[in-house]
Structures are given as C-alpha cells and as structure tokens.
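Below is one structure, written out as structure tokens; comments come after it.
The values are calculated or read from the model by the stated rules, or taken from the named source; none is laboratory data. Nothing here was measured: the structure is a model prediction, and the numbers come from that model. Every residue, glycine among them, receives a Cβ derived from its backbone with ideal geometry; neighbour counts consider all protein chains shown.
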Amino acid sequence: MPVATASQNASARPRRAIVRWYRTHGRSLPWRDASTTAWQVLVSEVMLGQTPVSRVAPAYLAWIERWPDPETTAAASPADILRMWGRLGYPRRALRLREAAIVITRDHHGTVPTTDDELRALPGVGEYTAAAVRAFAYGQRAVVLDTNVRRVLSRLISGTERPPASLTNSERELATSLLPRTSKSAAEWSVAVMELGALVCTATKPVCSACPVRTDCAWRAADYPASTVAPRRQAWHGTDRQCRGRLMSVLRESSGAVPGALLREAWDDAAQRERCLDSLLDDALVAIVGDDEYALPSS
DNA sequence: AAATCGTGGCG
DNA sequence: TCGCCAAGATT
C-alpha cells in the first residue's frame with residue numbers, strides 16, 4: 001500500500017469532484033475540438049489573454065479559416081493581421097502571434113514546439129500560454145495557472161476571495177502539489193479547474209450553490225471574508241490607451257494610406273495624439289507611407 | 001515589480 | 001452612468 005501524504009489525501013476528493021463536474025458542465029468551445037491543432041490552440045490562447053471567450057469565439061473561427069497554420073500566418077502582412085484582429089484589443093498581441101508564426105515556420109519546420117523553454121522563447125508566449133499549449137495541445141503534465149485557476153485555489157485552499165496581485169511562488173508550489181501524476185489526468189484537471197473558475201467560481205457573484213466542491217471550500221468555511229487587497233483599477237477615459245485605440249481604429253477602417261488630417265480629427269489633444277502616434281510607430285503598429293500619410297504596416 | 005497595453009458588456 | 005472585469009505578456 002503506497003503511502004500518501006496528508007495533503008494528497010485532502011485534495012484527492014475535491015479534485016475528482018471538479019473533474020466530474022467538468023465532464024458534464026464544461027462548454028464545448030471551438031478550440032476544444034479534437035481536430036484543433038497545436039497552432040490553433042496557441043492562436044486561441046493568445047486571443048483569450050484579456051479578451052472574453054464570447055468575443056474570441058467568432059474571431060477565432062474566422063481567423064483559423066483564413067490562416068489555419070503557422071506558414072499561412074507567417075506569410076500574411078501585418079496590415080492584414082491587424083485588420084483581421086479587428087477590435088479584439090491589444091493589437092500588439094496580433095503582431096507577436098505573427099512573429100511567433102514566422103519563428104515556428106523558420107526554426108521549427110512549421111511545428112509548434114513542445115518544450116517550455118522553446119515555447120517561452122516565442123514572441124508573446126509567457127508562463128501561462130506555454131503551459132496551456134503543453135497541456136491542451138500536447139496533453140502534457142503542465143502547471144496551468146491562469147487567473148481562473150488562481151482564484152479557485154485561493155478560495156478553495158487558502159480561504160481568500162482573491163489571489164495575490166501578482167503570481168507568487170507559493171501559488172506555483174500549491175498548484176504543482178495538486179497536479180495529478182499522469183499527464184492525461186493532469187491535462188483534464190487543468191481544463192476542469194479553469195472552467196470552474198470561468199463558470200462557477202467567478203470573480204464577482206460566484207455561484208457557490210452550483211459548486212461541486214463547496215463543502216471543501218476554505219473561503220466558504222470562513223464565511224466568505226472579503227479580500228483586503230484592492231484590485232488595480234484600470235483607468236480609461238482620456239488615457240493613451242484610448243487615444244492609441246482611436247488612432248488604430250481609423251487606420252484599420254481605411255483601406256490604404258490615411259492623411260494625417262484624419263488622425264488629427266480623431267483626437268483633440270495634439271500633444272497626446274503625437275505621443276501616441278510615436279508609440280504606435282515604435283510598436284510597428286503604424287507605418288509612415290508618405291508626407292503626412294500613415295497606414296498599417298505592409299511588411 | 002509595478003505600469004502599460006484595447007475593447008465591449010454588464011449591473 | 002460608470003466602474004468593474006475578461007484564458008496575459010512585456011519591460
């Protein structure tokens with residue numbers, strides 16, 4: 001009889017309950033089809049960073065129909081990539097996805113790499129995305145720690161409403177200790193706990209009555225104490241982000257070169273507009289194509 | 001390591 | 001109305 005540690009015994013039952021819940025309640029999302037390639041999983045993960053599932057789903061389907069693999073993506077112009085990205089937000093993600101496609105095509109024979117080091121060397125791929133590709137595309141045993149998983153574990157195990165502001169080693173160790181031994185079980189556990197956070201253990205108004213592990217929940221046992229750490233507020237109105245977004249919108253909607261006058265109409269504050277245009281040029285999201293003429297980069 | 005980077009839906 | 005939030009990465 002193998003000896004199990006106390007923490008393993010304590011976590012085994014809720015873990016099984018979450019996986020069982022997922023098998024009946026998990027959503028069938030486009031990127032969860034068995035036919036989804038590793039590249040397409042990567043596309044979905046990049047799109048899902050900071051953009052809700054409901055808005056990603058249709059954009060993802062249109063995207064992979066047009067550019068189904070790294071080769072076709074690498075061959076597309078930045079302008080086409082940015083127009084197709086549309087209003088998903090954070091357009092630099094789109095540029096990095098294209099750059100990743102170029103690297104994969106050139107250095108990996110068009111095959112998405114399978115190791116953590118190689119994945120994280122790709123533009124726009126960080127700790128979470130590398131783990132997600134390994135688990136969801138390749139069925140590997142990887143610690144997938146996104147905002148949903150962090151929230152579930154903080155409530156279920158730590159008894160706090162929210163996880164720390166930034167990912168800590170303590171969270172990594174906890175998630176590692178909970179990861180099932182076999183790769184197959186680990187990969188399913190990772191989607192399952194993520195899905196629980198997305199559908200039940202939500203940031204606001206969690207549906208605890210529908211939770212498969214409510215009787216194990218440390219946060220519930222402590223009578224749902226409110227978290228003291230205030231989430232960082234996202235300023236928006238009048239920010240550079242709003243200004244950049246406005247300028248990008250004008251460039252996206254125009255088929256060719258855009259006169260500077262059109263950009264000036266889009267944002268009143270001249271100093272801020274120039275600063276943002278400069279930053280967009282720096283980010284290679286915009287190109288100068290003539291005297292006082294701008295466009296999305298053609299290459 | 002805290003700040004930065006878009007966008008739209010919802011209560 | 002407006003603040004909050006959504007599968008993060010980069011610097």
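Of all residues in segment A:161-182, those satisfying the criterion of being assigned to a loop (DSSP other than H, G, I, E, B) and surrounded by 13 or more Cβ atoms within 10 Å (Cβ to Cβ) are A:GLU161, A:ARG162, A:PRO163, A:PRO164, A:LEU167, A:LEU179, A:PRO180.
Look at (1) free of Cβ contacts under 8 Å to residues at least 40 places away in the same chain; (2) within 16 Å of DNA strand C (Cβ to nearest atom); (3) of a type in the set (S, T, N, Q) and you find that A:THR36 fails only one, number (1). Applying the condition of being polar (S, T, N, Q) and within 30 Å of A:LEU82 (Cα to Cα) to segment A:214-244 and asking which residue is modelled with the lowest pLDDT yields A:GLN234.
Residues that are modelled with pLDDT under 95 and charged (D, E, K, R) occur at least once in segment A:197-209. Does A:ALA257 satisfy the condition of being in contact with a Gly (Cβ under 7 Å, 6 or more places away or on another chain) and either in contact (Cβ under 8 Å) with a residue 24 or more places away in the chain or of a type outside the set (Val, Ile, Thr) (or both)? Yes: the conditions hold for A:ALA257. Going through segment A:130-172 one residue at a time, which ones are farther than 13 Å from A:SER190 by Cα and within 16 Å of DNA strand B (Cβ to nearest atom)? Selection gives A:ARG162, A:PRO163, A:PRO164, A:ALA165, A:SER166, A:LEU167, A:THR168, A:ASN169, A:SER170, A:GLU171, A:ARG172. Per this entry, A:THR5 is counted among residues that are among the polar types (S, T, N, Q) and modelled with pLDDT under 95. Listed here are the helices (runs of 4 or more DSSP H) enclosed by segment A:113-153 that have at least 3 residues being touching a residue at least 12 places away in the same chain (Cβ under 8 Å): A:127-132, A:147-153. Any chance segment A:129-139 includes a residue that's under 13 Å from A:GLY49 (Cβ atoms), touching a Gly at 6+ places or on another chain (Cβ under 8 Å) and in the same structural domain as A:THR176 (by TED's automatic domain parsing)? Yes: one or more hits. Taking helices (runs of 4 or more DSSP H) as the structural unit, those lying wholly within segment A:1-102 and holding at least 2 residues that are buried (at least 17 other Cβ atoms within 10 Å of the Cβ) and within 21 Å of the chain's Cα centre (by Cα) correspond to A:38-48, A:53-66, A:70-75, A:78-85.
Among residues of segment A:13-31 that are in the same structural domain as A:ALA132 (by TED's automatic domain parsing) and among the polar types (S, T, N, Q), none has a beta-carbon under 8 Å from a residue that is part of a helix (DSSP H, G or I) and modelled with pLDDT under 95 at least six positions away or on a different chain.
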